[in-house]
1. Hey, does the stretch 178-189 have a residue that's assigned to a helix (DSSP H, G or I) and within 24 Å of His383 (Cβ to Cβ)?
2. If you scan the stretch 173-191, which residues turn out to be among the hydrophobic types (A, V, I, L, M, F, W, C) and in contact (Cβ under 8 Å) with a residue 12 or more places away in the chain?
3. Take Glu127 and decide whether it is open to solvent by 50 Å² or more (accessible area, probe 1.4 Å) and either among the small types (Gly, Ala, Ser) or at pLDDT below 90 (or both).
4. What number goes with the only condition from (1) in contact (Cβ under 8 Å) with a residue 12 or more places away in the chain; (2) assigned to a helix (DSSP H, G or I); (3) over 19 Å from Leu341 (Cα atoms) that Gly404 does not pass?
5. Just to be sure I understand, how many residues within the stretch 344-401 are hydroxyl-bearing (Ser, Thr, Tyr) and open to solvent by less than 10 Å² (accessible area, probe 1.4 Å)?
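The values are calculated or read from the model by the stated rules, or taken from the named source; none is laboratory data. Everything quoted here is computed from the prediction, not taken from an experiment. Methodologically, a virtual Cβ is constructed for each residue, glycine included, from the backbone with ideal geometry; neighbour enumeration extends over all protein chains shown. The accessibility values were calculated without ligands, DNA or RNA, using every heavy atom of the protein model including side chains. Shrake-Rupley method; radii C 1.70, N 1.55, O 1.52, S 1.80 Å.
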Amino acid sequence: MGETLAPKRRAGRKMTRERAEFRQLAQSTEVGSVTRGQLAILAQSLPCTGLITATESHLLTVIINTARTDAFDRSGRPIVFKSNRQLAFEINRSPGRVSRILSRLFDAGMITMQDSANLKRYPIRDEDGDIADACGIDLRILIARYEELAARVKQSRQERRVCDAAARRFRAALRGARSSLANGQGVSASKIAKLARRVDRIADFVGMAARAGVDLLRRATVILDRLVARLLGADRQGCAETDDDMTCANAGNDTHRQITTPHPLEESNTKMRSAYAEQVESDLAGFASNGALEESLRRGCGESNNEPAVRQALVGLDDVCRAAPSLFAYFPSPLRNWSDLARLMPQACRIAGVSEDARLRAVETMGQQAADVAIAITFEKYHRQEVSSPGGYLRAMTKRAASGGLHLSRSVFGLAARNSMEICP
């Protein structure tokens, strides 16, 4: 019979180029800049980055808490000598499982390990009793990579917040679309069934919103909003067809226009301006015009030719398009006039997370055209990730506009210049 060969046990830990680099980085790191508490909090947050699992994070936290607090001072050595058996008892796993987890932590650059000849962990002290060398689990690599790992945790949390916000908006748009289809009155059953099938296809394609990508959720939300707008537009068109007899003479494009001056064709800006227009002696005269006249009289005639900056002539539509090219990523249709821009702004607010109240206050304070420009600027900065709270940013612009300190043209031309510089080589 042939001689039986016993399997040889591998002596020592397998070394790779990455492990050798991590060990050199740990040995060149100065201790004292990071405390044990900071490392423990970081270890508990690392699973959100996908670098390590929850079990690996648990073991890493136990190892960090095992080290003494003064070991992270300038004169300390944050090295742990606890055995695999003891670590396995503390995390309720087997020693073999702990050994494999330590190897994965070593490969991920969370710890470094220095093994002795007999694979034991112990400190080597000098004559004064201080640790001169050690064989164990070294935590100095975490100190060296603390800023990098903390930045990755922060980025992961920000990405999660963006994903959650996109998922909430998609669910709200889907719920609103189905509610509009269920309550659709004045629309044919075939049209409702066709739109319902499209909504179902979008929902099936997205699947679980919590697991879908941000871009997919945003595009699906835009499509759902367009379907609802198409349904409501058909509803309004049907209402207009049934109410032809009720349309007044002073109406254009199915929109009533209140005339508050007896000189509708007069070229004088003063007579055409509602604040200075001659009020018609009628109970049906516009209350807004009366209030504007009273307000202008209280301010005095000296401000009639110097309106607030937000009421002055705004920039051109082409300038707004150059300043906010991100609008075309979500709304590919061309903007032919200011009405097209105004029609897209409510959807842009929903995509950016701006509340309807913030948009209406902006329109009330600045006027429709200036508010649309402000929303376009806010949307562009949100797309560039320069604004963390688009709703708060728009409210701040509205507050500045109320005090006369808002200069939209500067923001528009500044963004347009930045975009042109980024496009040019």
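1. no
2. If the condition is that a residue be among the hydrophobic types (A, V, I, L, M, F, W, C) and in contact (Cβ under 8 Å) with a residue 12 or more places away in the chain, then Ala173, Leu174, Ala177, Leu181, Val187 are the ones that fit.
3. So Glu127 fits the description; yes.
4. (2)
5. 1
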